[in-house]
Every structure is written in structure tokens, then in C-alpha cells.
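First up is the structure itself, then whatever we jot down about it.
Since every read-out is calculated from the coordinates, none of them should be taken as a lab result. Not measured: the values here are computed from a predicted model. Because the Cβ atoms are built from the backbone with ideal geometry, glycine has one as well, and the counts that use them run over all protein chains shown.
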Amino acid sequence: MDGWLAEIIGKFNYWVYVVLMMTGFYAMIRKNNLVKKLLGMNIFQTAIILLYISMGSKVGGKIPILDKQQALEGAVQVAGVVNPLPHVLMLTAIVVSVSVTGVALAVVLRIYKEYGTIDEDQILERIGKS
Amino acid sequence: MNHNLPVLVLAFPLLAAFAVNLLGKISKKHVAPWTLASLSLSAVASSWVLMDVLQTGKFTYTVGGWMAPYGIELVLDPLSALMLALVSWVALVATFSALPSIKQEMPGREHLFFSLYLILVSGMMGLVITGDAFNLYVLLEITSITTYGLIAMGKGRAPLSSFNYIIVGTIGACFYLLGVGYLYLLTGTLNMADIASRLPALYESPTAATAFCFLMVGLWIKMAFFPLHGWLPNAYTHAPKGAGVLVAPLMTKVSVFLMIRIIFSIYSPEYAFLGHAGIKNLVVWAAAIAIVCASLLALAQKDFVKMLSYIIVAEVGYLVGGVWLANQQGLTGAIFHVLNDSLMTLCFFVAASAIAYRTGKSRIEDFRGLFKKMPLTMLALCVGALSVVGVPPTCGFFSKWFLLLGGVQAGQWEFVAALIFSSLVNAVLFYRVFEVAFSQPEEGASLELEGSRTLEVPAMMIPPLVVVTVALLAIGLSAGPLVREVIRFAIPSL
């Protein structure tokens, strides 16, 4: 029991990542409302961002803004500084996720104009009728 | 080689995309020349790069002077240079057909369509030559987002199909990103060559296997490998015809190339194929099932373009199976078939958009009398059909032959059977189309095309039809030298 608890608490952010990802996945597949699907997609992407940020972080790590002089002299302890690369990658991933959301919202708007609803079942019903 | 050609190849369409958007606002006259000029320059430059690579061997281009593994590098080996040339030439040829059909389908919005179109082309070129795993993700999303936009520009059900594609495509891209994340966790680097040099020591780690699974499944979603193909048929059927001619021939094939890239340049064939023989057999079985099911689904379609979309899904099965046969013949077949299949698909979609341009129809039963009305288009379609069935002088026969040999050599008889079955189904499919097209139109029915005079497509649409038809035959006739001189060098060593 203790080992099990320690496992969860010790890797707590990774567990949160898995839970978030599955939540998003469920919403994308199961929800009928197109905007809810989109929200699920965003949660899914956020989960991945959390994973990347977790890999860069270190216990007690400092922010990665270094003094040039110190860095050149080699006086910086790399182990004491948070790895900035995953953060930078995630900035790009956030931009990507915002653009996908933007495109998707525009598409949802066109769907709404076409069918007058954003519920998937009702849309399919309307397609079936026409 | 230290010139800037590789990066110029993708810079031409990218810069022209903005020019088309801005100048197109002023006058629609600017759209066609800018699009065609930039793609022609790209096509010429990419052929030059291919020649260079074949003569002098692989080289890397450092973008912006930031050295790898910190900066992004472009890797030009024979395979990626071949793909680069394929993408740029197919894009150029497709544009001739897209220009008139978009002018008809969405008058007044051509500049918007073609700026997305050009960004998509340049994104695909970037995908095939980038040497950085994360950069690849960004380019994958650039191509996907532009494709979502292009498809959503269609009428009727297009936005809904595009939305489904967005949801599924994002899951695929996120899986890829996760895979890259695990690789970064394991090796601390994102450059493909650098990952490849550090990974062998870590092959035992379950993280390496997890990353491999995520990368593969992500790409399978993107390439519509059956049963992950759900988004493709609707998206391609309802897309504007001008988008179909570009997206259908290239997107799935580029994803197949990325799969080859991951197996051979990041992991090694030993890891992917030999480590777990059970998985290799499973994937080939899945490919065989994909081919059979997609062919049967194609048989059930009444809409011509939807039938073509299911043929694409079946062809993806050929390619995945060919690669996972894990022998020289199968891989030769798969790479050769990437080339042939994009030309065949281009041929079909150009013909379909020509028919839609003249008649506005895409249901097979409405094709009555088309041979008389549009002889040139139907001739091109015939050659394409012969090729997809696999009749000797056309190129489809040769790549299928290599795939069959590979299947026999690997002892994967189910794959061989599926290939033959699918060829027969393709023959039935196109026989059905041509039977209708040869028959005389009934009195009064489907006669928006008055009389029996020929109504060939506009002059703009003739070059792509002719070029593709000739290319299908020429590649078939020169299959031997082509495999010996080009494709053999393109094959990563097994």
C-alpha cells in the first residue's frame, strides 16, 4: 500500500498527465457536441504540454537565465538549472494548438451556418433527410 | 555542395503564398502566374538537387548557420531528394488542373485558396527533407492545418468532414509529439541523426518501445492506414476538386515516407523488424486486411471520388505492408509504389476534377456517354486504371511485381493474396466505370451536355492529363533503369 502511494505521489505530475490525456481523449470520442469535442482536443494537447514541462523540471532548479561571464568560466552547475528546451518546444506546441483551435472554431461556425446546430446526431439526421 | 538550393526549393512557394494573398486582393489576375512561377522554380531546383545528390551522395544543409544537433538541418539523401522532386513536380502538375476548377468553384476567393495551397506544398517539401524530429512535428501540423482549411472550403458536407479530420488528425499529431517527447526523455536530443547514434545503447528500455509505438500509430492515423482511415474518404470526397488534386496524391505518401524515415533513420531495421518478429508479422497481416477491406469498401461506393478515396486507403495498405515485409524487394516495391501511386492518384483526381468541371457530376451512374464527350480525359483515366490494376506497360505493374516478390520472399502469403485480390477488385471497379461511360446516354436523361459533340476540358486542364498519362507509361517503360539508377540508391540498407 505504501509503495503504491509513494509511486503516485513521487510521479504525481505524470499521473496527472495520463488522467488529463484520457479525459481529453474521452471527450473527443464520446461527446456529441462539436465544441465539447474541441475542448477535449485542447485538454489532450495540454496534457502533452504538461508531460514536456515535467521532463525539464528539476527539484530545486533555478530559472535558466545565466550570467554570461559565469557561464563562460564554466561556473554554472547545470544540475541546478531547469532545462529550458522543453519549455521552448512547448511554446511552439501552444502556437500550433491555438492555430488548430482557431481553424476548428471557424469550421464549426460554417457547420452551424449550414445545419443550424452543432450536435453531431442532429447534423447526421439532417444529412440523412436531405 | 554548399549552395542554398535545398532551402530555396521550399522558400519559393512559401514566399509566393504571401504574394498571392496580397496581390490577389488587388486583382485575381496575379494568382495564376505567381503560383505557377514559384512551383516551376521549385520543381526545377528540386530536380537539380536530386541530380546532385545522385552524383555526389548524401549531404546536409544547416539552416541559418546553427550547427546540428542544436540547430535544424535539412537532410538530402537519395530518398528524401527523390521525394522532394516528386512533391514539387506533382504539385506543379496539379496546379494546372486546380486553377480553372477553383476559378469555377469559388470565384473571387482564388487568392485565399492558393495561398493555403502554396503553404501546404512548402510544408510537404519541408517534411520530406527535415532532419529534426520536433521540426517534423511542426511541419506535420503546418501541412495538416492548411489541409483542414482547404477541405473546409468545399460545399455541403465539406466543413463537417474537415472537422472530423481535425479531431482525428490532431490525435495523430499528438501521438507523434508524445513519441518525440519520450525519445527526448531518453536521449536528450531532437536531431534525428543524433538520436540514432545514442539510441542503440538504450534499445532495451521500454521507453524506446513506447516512443516507437506512439510514432508509428501517430503516422498511421495521418496516412489513413485501415482501420484508422475513417476521416479520409469523406474529407477527400467533399473537398473542393482543386484541393483534391494536390492533397490526395501527396499527403498519404509523404506520411509513408516519414514512417520509412523513422524506422530507418531514427531506429534501425534490426530494432523495428527483427527485435519482435511477431509484431512485424502482425503489421503485414494488418496491411493485408487493410487492402482487402478497403477494396471491398471501394466496391460498395456509388460516388466516383469516394471510390477513389477507398482505393487510396487500399494503396496505403500496399505501402505499409511493403515496408514491413522487411526485405530488399518489398522495400523497393514500396518506394517505387510511393512514386507510382502518387502519379496514379494524381491522374484519377485530375480526370475526376475535369469531369466535374464539365458536367458537375461525380456519381458513376451519371457518366453515360463520357467517352464521346471527353475522349482525352477518359483516355487518361484508362491509362491510370490499367496502372492501378497492374497491366504491364504501365508503371503500376512493376511496383506491384516487386511487392509480390517481397511477399513471396518473406513467406507472407496473406499479403500476396491480398495484393492479387485487390488487383482483381480494381479491375472490376474500373470496368464498371468504363461500361457506363461507353454506353450511350439515354434519351432525355443526364443530358445537360446537349448533343453528342465533344466537350473537352479547358486548355489549362489538358497539360496535366497529358503529362500524367505520359509519365505513367514512361515510368513503366523505363522501370528497369529507374530502379537500378535511382531507387536502389534511395533504399536504406537492410
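Some observations on this one:
- Listing B:297, B:379 from fewest to most neighbouring C-beta atoms within 10 Å gives B:379, B:297.
- Above 26 Å, the calculated P(r) of the stretch B:218-341 contains 19 percent of its Cα-Cα pairs.
- Each Lys or Arg adds one and each Asp or Glu takes one away; over the other residues whose Cβ falls under 14 Å from the Cβ of residue A:83, this sums to +2.
- Here the scattering of chain B is modelled by Debye summation over its C-alpha atoms, one equal scatterer each and no solvent; at q = 0.05, 0.10, 0.13 Å⁻¹ the log10 of I(q)/I(0) is -0.17, -0.71, -1.25.
- Residues whose placed amide H lies under 5 Å from that of residue A:81, excluding near-sequence neighbours: A:62
- Ordered from longest to shortest, the equivalent ellipsoid semi-axes for the protein assembly as shown are 40, 28, 25 Å, each the square root of 5 times a Cα gyration tensor eigenvalue.
- The stretch B:276-494: translational diffusion in µm²/s, Stokes-Einstein, Kirkwood Rh over Cα pairs, 25 °C, 0.890 mPa s: 137 µm²/s
- Rounded to the nearest whole Hz, the Karplus-based 3J(HN,Hα) values (6.51 cos²θ - 1.76 cosθ + 1.60, θ = phi - 60°) of the stretch B:241-249 follow the sequence 4, x, 7, x, 5, 8, 6, 4, x, with x at glycine and proline.
- Entries in A:11/B:280; B:241/B:302; A:37/B:306; B:29/B:373 that, when Cα-Cα distance is taken, lie over 24 Å: A:11/B:280; A:37/B:306; B:29/B:373
- Nearest 10 degrees, 0 to 90: helix B:78-105 Cα axis against chain B principal axis: 30 degrees
- Here residue B:372 is the anchor, and the aspartates and glutamates within straight C-alpha reach of less than 18 Å, apart from those fewer than 8 places off in the same chain, are B:435, B:442, B:443, B:448, B:450, B:456.
- Net charge in the neighbourhood of residue B:224 (other residues with Cβ under 14 Å of its Cβ; Lys, Arg +1, Asp, Glu -1) is +1.
- Eligible lysines near residue B:25 by straight Cα distance, threshold 20 Å, same-chain separation 8 or greater: B:103
- Residues B:189, A:101, B:95 arranged by fewest to most Cβ contacts within 10 Å: A:101, B:189, B:95
- Structure remark: mean-square fluctuation, Gaussian network model of chain A, C-alpha springs under 10 Å; the largest value among A:38, A:66, A:91 belongs to A:66.
- Distant-in-sequence amide H partners of residue B:58 (H built 1.01 Å from N, under 5 Å): none
- Amide H contacts under 5 Å for residue B:439: B:369, restricted to partners 5 or more places along the chain or on a different chain, H placed in the peptide plane at 1.01 Å from N.
- Per-residue HN-Hα couplings for the stretch B:458-474 [Karplus 6.51, -1.76, 1.60; θ = phi - 60°; Hz; x = Gly/Pro]: x, 3, 4, 8, 6, x, x, 4, 5, 4, 5, 4, 4, 5, 4, 6, 5
- For the stretch B:331-416, the square roots a ≥ b ≥ c of the C-alpha gyration tensor eigenvalues yield an a/c of 1.5 or more together with a/b exceeding b/c, which makes the shape prolate.
- Each residue of the stretch B:145-162 was assigned a 3J(HN,Hα) from its phi angle through the Karplus expression (A = 6.51, B = -1.76, C = 1.60, θ = phi - 60°), giving 4, 5, 5, 3, x, 4, 5, 5, 6, x, 9, x, 7, 4, x, 5, 4, 5 Hz with x at Gly and Pro.
- For the stretch B:163-227, the normalised intensity computed at q = 0.13, 0.15 Å⁻¹ comes to -0.38, -0.49 (log10 of I(q)/I(0), Debye sum over alpha carbons, equal scatterers, no solvent).
- Cα-only radius of gyration and Dmax that characterise the stretch B:84-148, units Å: 13.1, 40
- Order of B:136, B:41, A:109, B:370 - criterion: other Cβ atoms within 10 Å of each residue's Cβ, fewest first: A:109, B:41, B:136, B:370
- Taking the empirical scaling 2.2 N^0.38 Å for compact globular proteins as reference, the stretch A:2-129 has a Cα radius of gyration ratio of 1.53.
- 10 Å binning of all Cα-Cα separations within the stretch B:44-108, expressed as whole percents from 0 upward: 20, 31, 25, 16, 7
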